[in-house]
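What follows is calculated from the coordinates using simple rules that are stated; it is not laboratory data. The shown structure was predicted, so the numbers you read here are calculated from the model rather than taken from an experiment. Counting neighbours? That spans all protein chains shown, and the Cβs are built from the backbone with ideal geometry, glycine included.
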Amino acid sequence: MAKFFTEDNISKLLDEAIEKGLIVPYYQPKYDSVTGKLSGSEALARWIDEEGCIIPPNSFIPILEDSCLITKLDWYILEKVCAFIRKQLDNGITPVTVSVNFSRVHTYESDFVGLLCGIVDKYKVPHKYIEVEITESALTKGRVYIIDFISRIRSSGFAVAIDDFGSGLSSLNFLKDVPATVLKIDKSLLSGNCENEKERIVLESIFNFAQRLNLVTVAEGVETKEQLGFLRTCGCELIQGFYFCKPVTQDEYYELCRKNMSEKDQIEDILITQPQASATKLLLDAVFMCFPLIIMSNLSRNSFYMMAYENFTTRSCSSAGEYTKLIEMGTMSMHPDDRKAFADTFDIKEQLDAFAAGERRRRIVTRQLGDDGVYRKIETINYYVQNPSSDDVLAITLSRTLEN
Ligand code: C2E
Ligand code: MG
Ligand code: MG
């Protein structure tokens, strides 16, 4: 039966649990949104009761925070994480960075960085393998004080992540001056499958903002393929959530690190929902009058989505997904004599090389089979631009049927 924690018994129960090894870190992996590779993890405290049942953090973290005992738990979890990374290093496994949660209570510790280095160095763990996670709510302490607190952690070689961004009163103005390395976008911003346009605009703006500030972005609480697809189009770098993996025990995580993502774990068939920003709608409507099909592609990330697919006589295909699959499908719908030219023109690598060499536009006319079984001449024009915030090369494809 789960323990009943009170302010009177929590101190004793915490000490007992630590002594008996009943508090352990679980690890939730983070994955690269493009390659699907394991790229880090977060250590999450779990309290195991006498019957072996897991007591989740929300049953004990708030009371530990109220009594300031949370710092004891956090240092204990850090120590367990360091011992684990040491074990990986000793066994010849290259670790990935583990982020450890530090309550805002630590901002009152006068020698936080000294204590941090003391534990990490005791296990001879290189500092780059530890990331300090501080929740957005901790940023409410004095501006100068927090900036100095985070700067000192960074100067000692640790990465710093701002956790739960967007869950409270996020001050973008403050964030721009905080020398953090990572921004973790709170799961509350990801509702449903990102169908709501206003929510998409908010997320797009946050990612754009974070990228321009050179922050690595992590989306928390990703549960569906549709959310993943949308996050990829926003340029979100890392994904943490049940869609890929729930928090797992240390032994399970050790195995995951050992395999470090074999091919089968990679992302397959990513479908991307259409994030059409309202600001561009009028302009798009005008362009649609000439070109009924517009495709926005991210060549660097091998993804695309269609902005419109009306009155366009060709086989229906999915409105978002992998660019290479779109080109394969498009090629097959062309007249056999035009297929090679079409496939060569829109080969990703060739386009990226051409962009690097200065090409900004290319055009091709091919014959495409419509749903009615008739071949029609199709003009396809690609314009290439670079996303200034992420360096990704984007292609804007305009396509229309030419008069015979
Ligand atoms: P957090 O740091 O934001 O951790 C992410 C939480 O989201 C974890 O909950 C994780 O299990 C959950 N989560 C991950 N992916 C998904 C998903 O796809 N869907 C949903 N619905 N949830 C997902 P958890 O482990 O219950 O931890 C809750 C919070 O407790 C953490 O939120 C963190 O603030 C706190 N916490 C956990 N361990 C520690 C610790 O060692 N020290 C401190 N100070 N706080 C901790
Ligand atoms: Mg966290
Ligand atoms: Mg969080």
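Structure above, values below:
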| item | result |
| --- | --- |
| Charge-dipole axis of the range 117-184 as Lys and Arg at +1 and Asp and Glu at -1 on Cβ define it, positive-most pick from VAL182, VAL144, VAL120 | VAL120 |
| Quotient of Cα Rg and 2.2 N^0.38 Å for the range 335-399, N being how many residues it contains | 1.28 |
| Spread of Cα-to-Cα distances over 5 Å intervals beginning at zero, given as percent, for the range 1-116 | 2, 10, 19, 21, 19, 14, 9, 5, 1, 0 |
| Principal axis dimensions, largest first and in whole angstrom, of the range 159-265 by Cα | 42, 33, 23 |
| Stokes-Einstein translational diffusion, the chain - Kirkwood Rh over all Cα pairs, 1.306 mPa s, 10 °C, in µm²/s | 67 |
| Tilt relative to the chain, helix 197-212 - C-alpha long axis, 0 to 90 degrees, to 10 | 70 |
| Tilt relative to the chain, helix 323-332 - C-alpha long axis, 0 to 90 degrees, to 10 | 30 |
| When the range 68-146 is reduced to its Cα atoms, the Kirkwood hydrodynamic radius in Å | 13.4 |
| Tail fraction, Cα-Cα pairs, the range 98-138, threshold 11 Å, whole percent | 68 |
| Calculated FRET efficiency for the pair LEU213/ASN58, C-beta based, R₀ 25 Å, to 0.05 | 0.25 |
| Segment ASP251-LYS377, length gained on full extension (0.36 nm per residue, minus Cα span) | 39.4 nm |
| Projected-area mean, the range 1-68, by convex hull of Cα positions, square nanometres | 5.7 |
| C-alpha long axis of helix 70-90 to longest principal axis of the chain, angle in ° | 70 |
| Whole-percent pair-distance distribution, where bins are 5 Å wide, for the alpha carbons of the range 82-218 | 2, 9, 19, 20, 17, 14, 10, 6, 3, 1 |
| Which listed pairs, of LYS20/LYS187; LYS37/LYS80; LYS12/LYS141, have C-alpha distances above 27 Å, in listed order | LYS20/LYS187; LYS12/LYS141 |
| Cα-based Rg / Dmax (Å) for the range 174-213 | 11.5, 33 |
